[in-house]
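The values are calculated or read from the model by the stated rules, or taken from the named source; none is laboratory data. Keep in mind that this is a model prediction, so the values were computed, not measured. A quick note on method: Cβ atoms are made from the backbone with ideal geometry, for glycine too, and the neighbour counts reach across all protein chains shown. Remember, those area values only see protein heavy atoms, side chains included, never the ligands or the DNA or RNA. Shrake-Rupley method; radii C 1.70, N 1.55, O 1.52, S 1.80 Å.
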Amino acid sequence: MASVRMTQVTALILRAVASGRRYGFDVMDACDLPSGTVYPALRRLERAGVLRSGWEDVDEARSEGRPRRRTYALTEAGRDALREADAKLQEIRRLLGDFPPATAGEA
Amino acid sequence: MWTRLWVRIVSVLVPGPDREEWIEEWDGELAARSGRSSDAWGALPDAWTLRTQGWTMDGMLREVRAAVKGLARKPFFTALAGITLAIGIGANTAIFSVVDAVLINPLPYPDSGKLLSVNHTAPGLNLPVVPHSEAMYLHYLNGFKTLSSFAIFQQDNVNLEREGDPERISASVVTQEFFDVMGVHPVLGRDFVTGEDRKGAEPVAVLGHGLWERSFGGDRSVIGRTVDMDGVQRRVVGVMPEGFSFPGKTELWIPMAIDQANPSVGSLSYLGIGRLASGQTEEATQAEMRGLLYSFADAHPDDLNRQIIEQAGLAPDVKPLKALYTADLQRALWILLGTVGFVLLIACANVANLFLVRAEERQREQALRTALGASRRDMVRHYLTESVTLALGGGALGLILAWAGVRGLLALAPIDMPRASEIGIDGSVLAFTAVVSVVSGLVFGLFPVFGYARKDLSGALKEGGRASTGGRERHRARSTLVVAQVALALILLVGSGLMARSFSAMRNVDLGFATADRLSFHVSLPAAEYPDAHSVGAFERGLQQRLEAIPGVETAALATALPLEDQKNASPLEAADHPVPEGQLGTLVNLRRVSPRYFESMGITLLDGRGLTSDDEAPGVRSVVISQALARSFWPNDASVLGRQLREQGDTLAFEVVGVTRDVRFEKVAEIPEPMAYYAIAPTGDSVPSPARSLAVVMKVGADPMSFVSAAREALRAVDPRLPMVEPRTVATIVRDAMAPTSFTVVLLGIAAGIALLLGTVGIYGVVSYMVSRRTQEIGVRMALGAPGGVVLREVVGQGMTLTGVGLVVGLLGAWGVSRVLASLLYGVSATDPMTYAVTACGLGLVALLASWIPARRAAQVDPVEALRSE
């Protein structure tokens, strides 16, 4: 199982997925990151075995007359990585220190 | 709709097995959220991530090393392809570096995205830029809520009096908020303060960094010192940071002296700039200004009213500040970038062709690799690595060419190319070159891939590699390349042909004045030293007399500006015997002030009456000489208009017409001559225009005008030793400089078209001679069976010419399609001029004929025995 380099982006994304964001675009919104950042990161995380992807219910998609969306969830390894991610986010908060919180994202 | 298409285009990067699901995922997300199409761009980096997953540095290096080795084995091929690419990529890099610096990069001022040009435009009067008057400025200044600061300025020149020679400095007269708008403040001393730009304030000045170092030795104690500027003692209050020289090459900033109680209303001579308040937009300023313009008109019904605004189409014109300076160049530069883009396409076509030939030669190698288990994907990667490596090499070489080319370009460039100092090879230019190289590598690299990689190559292994059947597809690829090359080359040739014809039309324009054997220079009289018409008149007569006393000088004269030198200075005039109805705008007439013997000195023919004399400056005399266009416009039915009277619209003082001259191209070479009126420089008496102090001098000499410069300088010194002589040049030079932007475009388009022609010819020659070499055996057989050489010759030439013919038709249609873009740069020739199209098409056809005739003749001389033995 490949390891993940924990960056702010990966940490944010893991946190977003852990808190129930299933779809790529939801993760983007939660992290306030553009698609060109989130998707490549999702692919890398999936490849590293931290995330696992599935598909949304086909009936739901069909009832709305559109193709299915891919869903993302943490794997077992992902739960370990999440601890690392939270530590990373904690560290960022600490570094920001006295700065007033800007858009806090999801985390 | 577009996002679906985009996702599908991008999906080619995604590895095959994952592609379908990948498309579904993106479609699903985008369909579930309407209105988020801008998020679709991320599909590209996403697809790229998937494509490159599993690529390792090692593997890539190995590929690249193999590619370099393969290329090195064929040095001639590699050099030819590399140089072709270097020319194409280099040309693009060079032009892009100019476009990037001049048009794309933000201006080098803080938060420059908020800097606006705040002026008007009047399409109804054919005036692209209408600046402000003092009263207008005050009205706007009080009214603007969408701008955080607003200022007006006017570029000027000032004689700076230092020990020794007087120096003429580029200066700008500005209002107090000027530095706030620019966001740049003095590094030493202070800005102008409130009230300093009003009449009666203490005269102060801010120095440019260069001027400070040059003329004051960088002495910090200069602050507070008074310096003589145009005869006015000004106290220096600040020094600007290094590199700041807006507008133009300003080195000295002087506050305006607006008479707040009685500001001038109608003299529109100051350009406006503004800085957007936070959260505001250009559009908001534009809308706000429209309201302010109407309230200004309502407040000054004598000078401006809604009817005039409507008639003139007068409207606010708010746009990014850089657009004010680059508008003229913008179109020409984008066209040039498009042109070199075409050159690159032709270069790619040539290299693609070389690669096709090479691929054919390597057919056996390919077949062997396939037999040994190389997958199609491996081969595609191998091909593309090779072509991209080559393209990057060509790009690196092109960068060197571009670096040299930009230097040449700047030497050729119109003298006042804005932002020229910012042009160079920087990060974004490097990125551009890299992207262009990779993309062109992919473009020409894909040709052989489509031709070969999917083929069953076992046939190639069996026989001698002369696959006569699989040739059809390759043949089609090559034919496409020839057609494309011919078409692209023709488009460029037509474009440069049209520009060349415009240029020659411009050169043959009857300017209305003589250009040979004439020297000109400028001089400006400080108002403090020359306060009235008498002193200016004395200077005028004194200088003229001394200049004409120089041996070899036939006549000399003064004027406010010489033809093709200055911008418009126009006022609405009316004929005294049929005034313009109330509320309408009179004819806009260019006004000039000229001395006696101006028309002789400038070689402008008098058609009727006389030129101005010194008597016309006598008290109570109000004379005017008008151009033929003005005479026709005011009195279309009169045989002679001498003795008729005209005046400024709404004014009571009329001037008597004493002479009529031929029309002169005053503003631009390529314009329809506009009406002109010439007044005396320093008329005396009551109620006459105040004397003109910014003067141009012209001398008609026997020969070699530049050899008179020092004598003229002596003459000027004898009249007033404190006045510097500015910009001595011949009238022919003035004309040449005025045509510089056109000649610049002509030369560059010509170079581009020349390269296109060369590459296109090489391409046709290469393809035809390759076809011949492939068919040597067949031709040999036919000739052995008795086919005459002439038939073979005709057939081979015919083959080349068929492709050329198709290319010419496509090219003509293409040229016709893109000619609209060129139309605004053309003069005296229509964008669809049949002559240009016909001549360039025939010319290109002839070159193509030659390019296919040479190999065809070789084919016709094939010795059948040799040919048959050759395999």
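Just a few scattered comments:
- Within segment B:7-24, the residues that become at least 50 Å² less accessible when every protein chain is included than when their own chain is isolated (1.4 Å probe; DNA, RNA and ligands ignored) are B:GLU21, B:GLU24.
- Dipole magnitude of chain B, debye to nearest 20 (Cβ charges: Lys/Arg +1, Asp/Glu -1, about Cα centre): 4720
- For segment B:639-655, Karplus couplings with θ = phi - 60° (6.51, -1.76, 1.60), whole Hz, Gly/Pro x: 5, 10, 10, 4, x, 5, 10, 9, 8, 5, 4, x, 8, 9, 7, 9, 10
- Gaussian network model of chain A, springs between alpha carbon atoms under 10 Å - residue of A:ALA16, A:ALA81, A:ALA48 with greatest fluctuation: A:ALA48
- For B:THR121, the residues 5 or more places off, or on other chains, whose built amide H falls under 5 Å of its own are B:VAL130, B:ALA315, B:ASP317.
- Fraction of antiparallel bridges per DSSP, the protein assembly as shown only, in percent to nearest 5: 80
- Using R0 = 35 Å, the C-beta based FRET efficiency linking A:GLU60 and B:TRP55 works out to 0.45.
- Computed accessible area, B:TYR109, all protein chains, 1.4 angstrom probe, square angstrom: 40
- The residues B:VAL829, B:VAL7, sorted by heavy-atom accessible surface at 1.4 Å with ligands and nucleic acids left out, run B:VAL829, B:VAL7 from largest to smallest.
- Using the Cβ-Cβ distance between B:MET706 and B:THR605 with R0 = 25 Å, the FRET efficiency computed as 1/(1 + (r/R0)^6) comes to roughly 0.45.
- Leading residue at positive end of dipole, chain B (Cβ point charges), from B:PRO123, B:LEU759, B:THR433: B:LEU759
- Cα→Cβ-extended label distance, 7 Å offset, between B:ASN126 and B:ALA327, nm: 1.6
- Stretching the chain fully between B:VAL747 and B:HIS300 yields a gain of 155.9 nm (0.36 nm per residue, less the alpha carbon separation).
- Rg and Dmax of segment B:753-801, based on Cα coordinates, read 13.4, 45 Å.
- A loss of 40 Å² or more of accessible area (1.4 Å probe, protein heavy atoms, ligands and nucleic acids excluded) relative to the isolated chain is seen in these residues of segment A:56-75: A:ARG66, A:PRO67, A:ARG68, A:ARG69, A:ARG70.
- For segment B:507-570, the convex hull drawn through the C-alpha positions has a volume of 126 cubic angstrom per residue.
- Cα-based radius of gyration of the protein assembly as shown once divided by 2.2 N^0.38 Å, which approximates compact folds: 1.20
- Size-normalised alpha-carbon gyration radius of segment B:1-54, reference 2.2 N^0.38 Å: 1.06
- Using the 1.4 Å probe convention, the accessible area of chain B works out to 44 Å² per residue with neighbouring protein chains retained.
- Entries in B:LYS322/B:LYS668; A:LYS88/B:LYS114; B:LYS199/B:LYS319 that, when Cα-Cα distance is taken, lie over 29 Å: A:LYS88/B:LYS114; B:LYS199/B:LYS319
- Shown here is the pair-distance distribution of segment B:501-542: with all Cα-Cα distances grouped in 10 Å bins from zero up to the longest one, the shares run 20, 28, 21, 18, 12, 0 percent.
- For segment B:530-721, a Kirkwood radius taken over Cα pairs fed into Stokes-Einstein (20 °C, viscosity 1.002 mPa s) yields D = 124 µm²/s.
- Both the radius of gyration and Dmax for chain B are 34.5, 107 Å, in that order, over alpha-carbon atoms.
- Pairwise inverse Cα distances across segment B:113-325, averaged and inverted, put the Kirkwood hydrodynamic radius at 18.0 Å.
- Positive-end ranking of B:GLN645, B:VAL664, B:GLY685 along the dipole of segment B:638-686, with charges on Cβ about the Cα centre, is headed by B:VAL664.
- B:TRP403 - accessible surface, heavy atoms, 1.4 Å probe, Å² rounded to 10: 140
- Ligands, DNA and RNA aside, A:ASP29 has an accessible area near 80 Å² when probed at 1.4 Å.
- Kirkwood Rh and Cα Rg combined as Rg over Rh, evaluated for segment B:241-395: 1.34
- Residues B:LEU606, B:LEU103, ordered by accessible area of protein heavy atoms at a 1.4 angstrom probe radius and largest first, appear as B:LEU606, B:LEU103.
- Accessible surface buried upon A-B contact (total; probe 1.4 Å; Å², nearest 100): 2000
- Of the solvent-accessible surface of segment B:530-721, computed with a 1.4 Å probe over protein heavy atoms with every protein chain present, carbon and sulfur atoms account for 47 percent.
- Segment B:11-139 - Kirkwood radius from inverse mean 1/r over Cα pairs (Å): 21.8
- Expressed as a whole percent, the proportion of Cα-Cα pairs in segment A:22-93 lying more than 17 Å apart is 54%.
- Largest-first ordering by accessible area, 1.4 Å probe, given options B:GLU310, B:GLU63: B:GLU310, B:GLU63
- Legend: Rg and Dmax of segment B:554-638, from Cα coordinates, 14.4, 48 Å.
- Placing +1 on the Cβ of every Lys and Arg and -1 on the Cβ of every Asp and Glu, with nothing else charged, gives chain A a dipole about its Cα centre of roughly 360 debye.
- Calculated FRET value between B:GLN260 and B:SER421, using beta carbons and R₀ = 56 Å, to 0.05: 0.90
- Solvent-accessible area, 1.4 Å probe, carbon plus sulfur percent, for segment B:113-325: 48
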